[in-house]
Amino acid sequence: MKAVGFTEFGGSEVMRVLELPEPHPGPGQVRIKVAAAAVHPADVNIRTGLSAKYSPEMNPPSDVYVVGWEVAGTIDEVGEGARPELAIGTEVVAVTEPKLDLGGQAQYVVVPAESVVRAPKGVDLTAASTLLMAALTAQMGLDALALAPGATVAVTGAAGGIGGYAVQLAKAVGLTVIADATDKDRDLVTNLGADHVLPRGDDFPDAVRRLHPDGVDGVIDGGSVGDAVAAAVRDGAPSRPSRGSPAPPTGACTGSPSSSTTASATQPL
């Protein structure tokens, strides 16, 4: 099969089309004939060797590297024990593991059945391939916040992939959403369901406080504002630090989807 990958770390010049053996599913796995594979900034970190340097356990040495975090396509082989709905011919989206030669930027990819769901109806597979990583990151942030219906969450980068999903998912569980947007994106963010749309920029935390003087119950930092956005969070809000970080002040925390008050948009490496 053909795949897009590299055999050495470096710039974009190391990327090339590779000929690799076709993979086949084992028990609890399916094979997807890939129609589209999304491209992420984290792919660059893998290609340059940065991920191998700082996360060697997640990026072991390999003769061939194929990246790609998510795909859309059609199941064409099914391993024993896979869920019945994951039948041959089913259009699906999946999260892939971008290490060794296992990434999604290939003609075929084998993945665990638990990493696969049916593709959304009425959405072409190219668009569907961009769904999971952004949506899962937003959902993980909301899960970490664990806010009850009726609570208020602020969302930065609300016109982007992660922020846009965060707005919609937050509204789906009964949260009030205060989001940021530039003038050109205001209608988009409003249509996503945000209750209040404030100007994007350095003044966003202060603008949130002017609208909600006691502060909000949590923040999804889809725009990667960083620690400054914690000023929008109410005093005494629960918090816990991301892994490997010192404990933050009450009501604030360092950016990570594992944080309970401020969840970061950064993709895991």
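The values are calculated or read from the model by the stated rules, or taken from the named source; none is laboratory data. This structure is a prediction, so every number in the text was calculated from the model and none was measured. Reconstructed Cβ throughout: ideal geometry from the backbone, glycine too, with neighbour counts over all protein chains shown. We work out accessible area using only protein heavy atoms, side chains counted, and drop any ligands, DNA or RNA first. Shrake-Rupley method; radii C 1.70, N 1.55, O 1.52, S 1.80 Å.
Results, tabulated for the structure shown:
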| read-out | value |
| --- | --- |
| Values of log10 I(q)/I(0), in the order q = 0.09, 0.10, 0.17 Å⁻¹, for the chain under a Debye, Cα-only, solvent-free model | -0.47, -0.58, -1.21 |
| Nonlocal amide H pairs with residue 181, under 5 Å, H built at 1.01 Å | 198, 200 |
| Dipole magnitude (debye, nearest 20) for the chain, charges at Cβ of Lys, Arg, Asp, Glu | 220 debye |
| Only Lys, Arg (+1) and Asp, Glu (-1) charged, at Cβ; segment 1-157 dipole about Cα centre in debye | 280 debye |
| Of all accessible heavy-atom area on the chain, the percent that carbon and sulfur account for (1.4 Å) | 55 percent |
| Residue-normalised accessible area of the chain, expressed per residue, 1.4 Å probe, Å² | 48 Å² |
| Most to least packed among 114-120, 132-138 [average Cβ atoms within 10 Å] | 132-138, 114-120 |
| Ranked packing of 139-148, 14-23, 186-195, most packed first, by mean Cβ within 10 Å | 139-148, 186-195, 14-23 |
| Fraction in percent of alpha-carbon pairs per bin - 10 Å, segment 82-123 | 26, 53, 20, 1 |
| Alpha carbon convex hull of segment 122-174, volume per residue in cubic angstrom | 76 Å³ |
| Along each principal axis, Cα extent of segment 41-112, largest first, Å | 40, 22, 17 |
| Under 14 Å, Cβ to Cβ, from residue 102 - net charge with Lys/Arg +1 and Asp/Glu -1 | -4 |
| For segment 103-211, the fraction of alpha-carbon pairs in successive 5 Å shells from zero, as % | 2, 11, 19, 20, 18, 12, 8, 6, 3, 1, 0 |
| Selection from 152, 166, 17, by position along the positive dipole direction of the chain (Cβ) | 152 |
| Area projected by the alpha carbon convex hull of segment 3-69, averaged over all directions, nm² | 5.4 nm² |
| Ellipsoid equivalent to segment 153-196 - semi-axes via the Cα gyration tensor, in Å | 15, 10, 8 |
| Percentage relative contact order, the chain, counting C-alpha pairs under 8 Å, at least six apart | 15 percent |
| Summed residue charge, Cβ within 14 Å of residue 17's Cβ, Lys/Arg positive, Asp/Glu negative | -1 |
| For segment 1-132, convex hull of alpha carbons as volume per residue, Å³ | 100 Å³ |
